[in-house]
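As structure tokens, the structure follows; a few thoughts come after it.
What follows draws every value from the coordinates through simple rules; no lab data is involved. Since we're looking at a predicted model, the values are computed, not measured. No Cβ is skipped: glycine too gets one built from the backbone with ideal geometry, and neighbour counts run over all protein chains shown.
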Amino acid sequence: MELERFAWIREPARWKRGAGTLSITTEPHTDLWQRTYYHFRNDSAPVFQMETEERYFSFTVKTDFPQSHHRFDQCGVALYLDSENWLKASVEYENERYQHLGSVVTNHGYSDWATTAIDTSVKTMWYRLSRREDDYCIECSQNGQDFTQMRICHLLEGGGRVRFGVYACSPEDSRFTALFSDFHLGPCQWKAHDGQQPDAET
């Protein structure tokens, strides 16, 4: 996958692009969150994305984060339309015992957060983001082959041209370097539900 097709939203001070790889060193107090529960609005994380009008696709990427060490350090996949409409999935460090594998969907300025606890020994995760028009599926895998559904969601503003890619951030006073590799964009792997009409021609 050609990373030259990607562009930054909030380019970080320290990053490097290699042959099919990207590294991001986070800055302290960078995050994505809107309103819900905490009431604050954070819109400062760097996001590396490409654009498409394709209505059916799957985007897969591998994340490595061995340096993640401070509460809420995170890196993963993102689809960022604007400050009030986006989704993300990542592993967020919590403490020496566990971290959160989770996802956030933000519609019209209100975020949610769905998580499950995993061991802090996990320092690699693959994500697969699939689109079916304005509905999306996020999956994860620890080996890049066997993917497990994290969530299915709807983006109210996600029916036209979209931007998607990767992000990394440190919401508290921390820095770490995240590595992204194995970028792949292909046909939608999230198949139609039993009884649905076949996918429309694109």
Legend entry - Simple label model, 7 Å out from Cα along Cβ direction - residue 17 to residue 121, nm: 3.7 nm
Inset, instruction - Taking DSSP loops as anything outside H, G, I, E and B, show the longest stretch in the chain free of trypsin sites (Lys or Arg not before Pro) there with at most 12 other beta carbons within 10 Å. - result: 1-96
Legend entry - Proximal aspartates and glutamates relative to residue 191, as straight alpha-carbon distance under 15 Å, when same-chain residues fewer than 8 apart are discounted: 133, 134, 135, 139, 199, 201
Legend entry - Cα-based shape type of the chain, given that a ≥ b ≥ c are square roots of the gyration tensor eigenvalues and the cut on a/c is 1.5: rounded
Legend entry - Distance in nm between pseudo-label sites at residue 133 and residue 182 (7 Å out along the Cβ direction from Cα): 3.2 nm
Inset, instruction - Can you spot the lysines whose alpha carbon is less than 21 Å from residue 62's alpha carbon? Ignore those fewer than 8 places along the same chain. - result: 16, 88, 123
Legend entry - Cα gyration tensor category, rounded, prolate or oblate, for the stretch 1-114 with a/c compared to 1.5: oblate
Legend entry - Cβ-placed point charges (K, R +1; D, E -1), dipole of the chain about Cα centre in debye, nearest 20: 340 debye
Legend entry - Assigned charges on the beta-carbon of Lys, Arg, Asp, Glu; the stretch 71-123 dipole about Cα centre (debye): 120 debye
Legend entry - Within the stretch 99-129, backbone nitrogen closer than 19 Å to the virtual label 7 Å beyond the Cα of residue 142 toward Cβ: 99-103, 115-128
